[in-house]
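The values are calculated or read from the model by the stated rules, or taken from the named source; none is laboratory data. All figures in this text were calculated on a predicted structure; none of them were measured in a lab. Methodologically, a virtual Cβ is constructed for each residue, glycine included, from the backbone with ideal geometry; neighbour enumeration extends over all protein chains shown. Side chains included, ligands, DNA and RNA excluded: accessible areas come from the protein's heavy atoms. Shrake-Rupley method; radii C 1.70, N 1.55, O 1.52, S 1.80 Å.
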Amino acid sequence: MDKGDVSRTLCGLGLLPSSVCYFYMAEALRLSLREPDRLLLVTKHVYPDVARCFDTNWKCVERGLRRAAAGDRRAGTGAERAGKRGFVGRPDV
């Protein structure tokens, strides 16, 4: 899966590049696709590596990824928009 595929997948889920959460999620997805074992210990193997890429700390990354996954309804993105387009079920990545 290349950057274009990751971008299309995230946009298809309603996560737009206007949010920093989008970039955190894209990097986490790329890292996890390269090394699926990272997902066994997300707080040790995903959050810190994504944080290093964006010069922030792992707590900001965790919050951003949780907001992205929850759909951040305050911003009207993510799952809320996907629901408006008829998204049902879990996507295949």
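For this structure, a couple of remarks:
- Residue in segment 59-69 that is assigned to a loop (DSSP other than H, G, I, E, B), at pLDDT 85 or above and surrounded by 11 or more Cβ atoms within 10 Å (Cβ to Cβ) present: no
- Close Cβ contacts (under 7 Å, 6 or more residues apart or on different chains) running from residues in segment 1-12 that are under 12 Å from Arg30 (Cα atoms) and free of Cβ contacts under 8 Å to residues at least 24 places away in the same chain to residues that are part of a helix (DSSP H, G or I) and open to solvent by 40 Å² or more (accessible area, probe 1.4 Å) comprise Leu10/Met25.
- Being at pLDDT 90 or above, open to solvent by less than 60 Å² (accessible area, probe 1.4 Å) and polar (S, T, N, Q) is a description that applies to Thr56.
- Residues located in segment 1-51, provided they are in a helix (DSSP H, G or I), open to solvent by 30 Å² or more (accessible area, probe 1.4 Å), within 10 Å of Ala68 (Cβ to Cβ) and at pLDDT below 90: Val20
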